[in-house]
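The values are calculated or read from the model by the stated rules, or taken from the named source; none is laboratory data. Quick caveat, the model's predicted, so the values are computed rather than measured. As a convention, Cβ positions derive from the backbone with ideal geometry for all residues, glycine included, and neighbour counts pool all protein chains shown.
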Amino acid sequence: MKTAIQILTLGAWLGAASWVQAQAPDPLQVRSWAASCANCHGTDGRAQPGMASLAGASKDDLLKKMLDFKAGRQPATIMHQLAKGYSDDQIEAIAAYFAAQKN
C-alpha cells in the first residue's frame, strides 16, 4: 500500500511539473530575456543604423536564425555564445516578443 501511494504521489508531481513547464512564460520574464539584446539590437529591437533591427521581424525567421546560431550553423562573433544561454523554448518566446514589436 505504501509503495502504491508513493507511485501515485510521484506521478502527481511529474504531472504537475509537466503542466507548469507547458505554460507560457510570464511576459515580464520574456521581456527581461529580450532586454539582453538591447546592447546591439536596440530597445525593443529597434536598432541604430548599422545594426540588425529585430522589431517586427518574422517570428519564424528570428527563431530559425537563433537556433542556427545556437547549433553553430550560422557564423557569428558573439551570437552563437549568447544563443547557447537560452533553451529552445526561451528562444521561441524571445522571437515572438520581437515579432510583436512595432518597427
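Quick rundown of the values:
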{"quantity": "Spans of helices (runs of 4 or more DSSP H) in segment 1-88 with at least 1 residues modelled with pLDDT under 85 and not β-branched (Val, Ile, Thr)", "calculated": "2-22"}
{"quantity": "Matching option when the condition is over 22 Å from PRO25 (Cα atoms) and in contact with a Ser or Thr (Cβ under 9 Å, 6 or more places away or on another chain), among ARG46, ARG73", "calculated": "ARG46"}
{"quantity": "Residue within segment 64-71 that is touching a residue at least 60 places away in the same chain (Cβ under 8 Å) and out of contact with any Gly (no Cβ under 8 Å at 6 or more places or on another chain) present", "calculated": "no"}
{"quantity": "Odd one out for LEU63 among (1) exposed (fewer than 13 other Cβ atoms within 10 Å of the Cβ); (2) closer than 17 Å to ALA96 by Cα", "calculated": "(1)"}
